[in-house]
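Participant: I have a structure I would like to understand better, so I am pasting it below and will then ask my questions one at a time.
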Amino acid sequence: MFSRMPGERLSIRDNAAVGRFHGVSASNGQAVPERHTESKMKKEESGCRRWFRRACPCCFRRQNSSSSNSILFFFSPSFSSELTLAVRSVDLLSRKSDRNKKEHHTDQYNSDQLIIRRGQTFQIELDLSRPFNPNTDKLHLEMKTGPLPQVSKRTHIIIPLVDELQDESWEAKIVEQNVNRVKLSVNSPVTAVIGKYKLTITTQCLKTGETTTHDHDKDIYMLFNPWCEDDTVYMEGEKELKEYVLNDTGRIYYGTEKQIGARTWNFGQFDEGILEACLFVLDNSEVPPSGRGDPVNVVRVISAMINSPDDLGVLEGNWSGNYAGGTSPTAWSGSVEILRQYHREGGKPVKYGQCWVFSGVTTTVLRCLGIPTRSVTNFQSAHDTDVSLTTDVYFDENMEPIHHLNSDSVWNFHVWNDCWMARPDMPPGMGGWQAVDSTPQETSHGTFRCGPASLAAIRSGQVYLKFDTPFVFAEVNSDKIYWQRNLDGTFGQIHSEKKAVGHCISTKAVGSDERVDITHLYKYPEGSEEERIAVETACRYGSKPDVYSSPIAEDVRVEVMMEGEGPRMGGDAQLKIVVKNTSSQPRRTTLHSQVAVMYYTGVLKDTVKKDTLNTADAGARLPYTQYQNQLVDQAALMLTLSGRVSETQQVLANQTSFRLRTPDLNIEPMGEAYVGKEMSAKITFTNPLPCTLRNVVIRVEGLGLRDLHPIRVGDVSKHANVTVTEHFIPTIAGKRKLVASLDCRQLTQVHGVADIDVHEMSCIANAIISHHDAGGAFASDLSDYVSSR
């Protein structure tokens with residue numbers, strides 16, 4: 001027998017080589033060499049020696065040239081791997097039924113990725129190569145977001161393993177261990193950057209010093225958390241959260257204050273691919289990911305990126321009436337196809353949008369990212385172009401409008417957004433609803449965007465507070481000032497309307513499809529002392545601070561009244577003009593009237609009628625033949641009145657906009673609705689015009705019912721009825737909305753909606769349907785089965 005060399009120790013690792021390599025055996029923990037006979041060597045040549053010779057020829061030659069008494073020890077790779085701690089697989093527990101998505105209110109997202117909200121723990125499971133020993137093993141996580149993750153920018157997160165989780169920090173704790181499987185609870189701070197993260201798990205064995213890393217192939221999506229009290233977007237009230245974060249459909253209002261119309265909009269923030277598209281919008285903004293932890297910054301970025309004039313954002317605006325090469329703004333019924341197209345085409349702006357489309361897409365993106373948001377419509381919405389905080393109308397010496405000076409306008413309606421957040425960047429009391437406008441109107445710090453502007457600041461006239469508060473204040477509460485040119489070329493103030501703008505500010509009610517008026521959130525009651533103080537306070541910071549230095553007495557006023565819901569498209573338009581004398585003395589005046597076709601933005605296209613009216617109550621009548629070839633989108637008209645009271649020289653002025661009402665699309669679902677079972681809906685429409693509609697297309701879509709589907713109807717004769725049937729297969733149970741809109745050059749803003757209650761399909765019912773579809777004969781069909789239930 002050969003003895004071990006003096007002072008030579010046999011590592012326990014060497015025992016793993018026993019039975020695998022020549023010259024190594026074991027006896028009571030000691031290596032025992034074998035005598036190398038010639039026959040033994042020949043026999044072994046076909047086994048381990050052959051492997052050794054191929055693996056390392058030089059060592060093999062040295063071994064052969066050495067004494068037959070030499071001993072060769074090997075450290076076994078298999079034994080080393082027994083000590084190595086490695087991650088074999090990761091389960092992010094991202095299924096809809098898993099705890100993560102339920103607790104984080106992300107189970108509605110149509111995605112198998114892990115979607116979580118910041119400031120809240122989530123769990124993952126690791127399958128390790130051996131049991132984890134906290135005394136001899138180390139483990140930590142790393143999460144990275146953005147193209148150049150940095151620890152200092154909070155885009156490279158190192159998450160240590162701790163015994164107890166603390167708030168306001170990234171940490172992980174083992175909450176369950178079963179042999180090789182470990183469940184971790186991971187905590188994120190409420191200030192975490194939102195976005196898409198890559199996950200890496202690093203393990204280390206302290207005995208060997210060996211470290212392994214595992215890069216998981218699935219992403220983790222981090223969102224804002226309005227359910228977390230410490231998040232700046234926190235909103236109290238489950239009903240409000242369900243409406244402003246989780247509701248994927250809504251209502252957008254349009255028309256005029258006396259003729260308010262409503263249309264259903266599919267926000268679709270949970271639809272497949274929409275979260276990816278929303279993050280793609282953020283990526284395209286060139287704003288670094290490190291700035292995405294602040295909702296104020298994110299909202300400001302989204303406001304800029306939904307429009308496209310200066311940053312190739314989502315939508316290209318078009319108010320011309322010519323929509324060749326794109327989709328008419330009135331034809332859209334939802335945001336899903338717009339965002340998918342923008343993402344699919346690599347950031348090419350989608351054609352075309354107007355204010356309600358910009359607002360609808362903004363609601364989708366912000367709700368998707370976790371910020372409570374709603375679409376808001378302001379009727380008689382002013383567009384102040386010179387920061388005067390007044391809406392100015394200029395007349396010449398003969399009381400004719402000076403069109404090239406009338407750059408300020410009053411839109412029939414304008415749609416923007418409110419989003420909810422605290423404002424730690426502003427004085428106390430400025431948190432809550434913030435106005436955000438993605439429609440490109442005026443630039444803010446060189447970019448077409450607007451907001452977030454605190455509604456509290458707007459209401460009190462604190463227009464010096466950021467962001468873009470003066471512009472929003474003018475939209476909702478500016479006075480309309482009429483100016484007349486003097487013989488020397490200067491202008492004098494001749495009249496003012498203190499209640500001309502900011503009427504019936506509307507949004508969808510919480511939990512229902514009713515309209516709710518939120519004007520009181522934007523301004524104090526018209527004419528109240530608080531409201532007047534707010535207006536005059538704001539104007540002191542405008543470009544015409546002395547506009548209120550000499551108030552003008554008025555005792556005669558003129559009003560325009562409308563019967564019922566107002567004139568309809570295809571018929572004559574008629575309004576009633578009333579002149580009221582509030583003094584005790586008789587008054588005489590002559591009014592000049594002018595009717596013009598107007599874009600809904602308040603920009604006039606063409607004057608179609610002029611007239612002179614006596615002081616007695618009169619009417620303004622506009623035959624269909626005078627406006628039929630002049631109409632633009634929204635079928636809007638403006639009546640301008642001007643005159644002077646003979647006895648007092650008081651100037652009378654009034655501008656009233658109105659629209660011609662369009663018909664609805666009637667949608668009638670046929671039969672009961674079940675998931676996975678085809679059903680149909682009948683859509684009917686009557687052409688109200690005494691002319692043929694050309695190239696009519698009806699666009700149908702419904703979240704959980706069907707993707708956007710255009711139905712080409714073709715030409716529709718004058719006053720003709722049209723009926724089409726749409727077939728679809730519901731995919732999601734619950735209350736769904738099927739929305740349709742008509743796309744036609746001669747007639748716009750025609751749409752309809754139907755509520756459809758989709759039932760889950762039971763196993764028995766599914767079997768009956770399958771057998772029935774296959775031609776099976778049953779004593780009772782599905783309807784009998786359902787009724788018997």
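The values are calculated or read from the model by the stated rules, or taken from the named source; none is laboratory data. Owing to the predicted nature of the structure, the values given are computational and were not obtained by experimental measurement. So basically every Cβ, Gly included, is an ideal-geometry build from the backbone, and we count neighbours across all protein chains shown. For accessibility, only protein heavy atoms count, side chains too; no ligands or nucleic acids. Shrake-Rupley method; radii C 1.70, N 1.55, O 1.52, S 1.80 Å.
Participant: Looking at the stretch 428-439, which of its residues are surrounded by fewer than 22 Cβ atoms within 10 Å (Cβ to Cβ) and small (Gly, Ala, Ser)?
Facilitator: If the condition is that a residue be surrounded by fewer than 22 Cβ atoms within 10 Å (Cβ to Cβ) and small (Gly, Ala, Ser), then GLY429, GLY431, GLY432 are the ones that fit.
Participant: Please enumerate the residues belonging to the stretch 514-539 that are out of contact with any Lys or Arg (no Cβ under 6 Å at 6 or more places or on another chain), open to solvent by 40 Å² or more (accessible area, probe 1.4 Å) and not hydrophobic (A, V, I, L, M, F, W, C).
Facilitator: Across the stretch 514-539, the qualifying residues are GLU514, ARG515, ASP517, HIS520, TYR524, PRO525, GLY527, GLU529, GLU530, GLU536.
Participant: Something else: Test ARG344 against the stated conditions and say whether it is open to solvent by 10 Å² or more (accessible area, probe 1.4 Å) and within 27 Å of ASN225 (Cα to Cα).
Facilitator: It is false that ARG344 is open to solvent by 10 Å² or more (accessible area, probe 1.4 Å) and within 27 Å of ASN225 (Cα to Cα).
Participant: Take SER438 and tell me if it is in contact (Cβ under 8 Å) with a residue 60 or more places away in the chain, in the same structural domain as ILE306 (by the TED database) and in a loop (DSSP other than H, G, I, E, B).
Facilitator: Criteria met by SER438.
Participant: Go over the candidates LYS218, LYS242 one by one and state the one that is open to solvent by 50 Å² or more (accessible area, probe 1.4 Å) and touching a Leu at 6+ places or on another chain (Cβ under 8 Å).
Facilitator: LYS218
Participant: Condition check: under 20 Å from MET598 (Cα atoms), in contact (Cβ under 8 Å) with a residue 40 or more places away in the chain and open to solvent by less than 10 Å² (accessible area, probe 1.4 Å). Does PHE358 satisfy that?
Facilitator: It is false that PHE358 is under 20 Å from MET598 (Cα atoms), in contact (Cβ under 8 Å) with a residue 40 or more places away in the chain and open to solvent by less than 10 Å² (accessible area, probe 1.4 Å).
Participant: Between VAL387, VAL365, which is open to solvent by less than 10 Å² (accessible area, probe 1.4 Å) and assigned by the TED database to the domain that holds ILE252?
Facilitator: Answer to the check: VAL365.
Participant: Let me ask you something else. Filtering the stretch 700-726 down to residues that are in contact with an Asp or Glu (Cβ under 6 Å, 6 or more places away or on another chain) and in a strand (DSSP E or B), which residue is most open to solvent (accessible area, probe 1.4 Å)?
Facilitator: Here the answer is LEU708.
Participant: Does the stretch 412-427 contain any residue that is open to solvent by 10 Å² or more (accessible area, probe 1.4 Å), under 21 Å from LEU315 (Cα atoms) and not β-branched (Val, Ile, Thr)?
Facilitator: No, that holds for no residue.
Participant: Given the condition within 18 Å of the chain's Cα centre (by Cα) and surrounded by fewer than 22 Cβ atoms within 10 Å (Cβ to Cβ), answer yes or no: does some residue in the stretch 330-339 qualify?
Facilitator: Within the stretch 330-339 (the criterion being within 18 Å of the chain's Cα centre (by Cα) and surrounded by fewer than 22 Cβ atoms within 10 Å (Cβ to Cβ)), the answer is yes, since at least one residue qualifies.
Participant: Can you list the strands (runs of 3 or more DSSP E) found entirely within the stretch 465-555 that contain at least 2 residues being under 30 Å from SER583 (Cα atoms) and charged (D, E, K, R)?
Facilitator: Of the strands (runs of 3 or more DSSP E) lying wholly inside the stretch 465-555, those with at least 2 residues that are under 30 Å from SER583 (Cα atoms) and charged (D, E, K, R) span 479-485.
Participant: Let me ask something additional. List every residue pair whose Cβ atoms lie under 7 Å apart, where the two residues are 6 or more positions apart in sequence or sit on different chains, the first residue falls within the stretch 137-156 and is without any contact (Cβ under 8 Å) to a residue 40 or more places away in the chain, and the second residue, located anywhere, is open to solvent by 40 Å² or more (accessible area, probe 1.4 Å) and of a type in the set (A, V, I, L, M, F, W, C).
Facilitator: VAL151/ILE158
Participant: So, of the residues in the stretch 310-322 that are open to solvent by less than 30 Å² (accessible area, probe 1.4 Å) and without any contact (Cβ under 8 Å) to a residue 40 or more places away in the chain, which turns out to be farthest from ILE274 (Cα to Cα)?
Facilitator: Within the stretch 310-322, the match that is farthest from ILE274 (Cα to Cα) is ASN318.
Participant: If I filter the stretch 149-207 down to residues being in a strand (DSSP E or B) and of a type in the set (Gly, Ala, Ser), which single residue comes out as surrounded by the fewest Cβ atoms within 10 Å (Cβ to Cβ)?
Facilitator: Step by step, filter the stretch 149-207, then rank; the result is SER185.
Participant: Let me confirm something: among GLU442, GLU397, which residue is over 28 Å from ASP230 (Cβ atoms), in contact with a Lys or Arg (Cβ under 8 Å, 6 or more places away or on another chain), open to solvent by 30 Å² or more (accessible area, probe 1.4 Å) and not hydroxyl-bearing (Ser, Thr, Tyr)?
Facilitator: GLU397
Participant: Can you tell which of ALA500, ALA474, ALA509 is under 28 Å from GLU243 (Cβ atoms) and either in the same structural domain as ASN266 (by the TED database) or open to solvent by less than 20 Å² (accessible area, probe 1.4 Å) (or both)?
Facilitator: None of the other options fit; the residue is ALA509.
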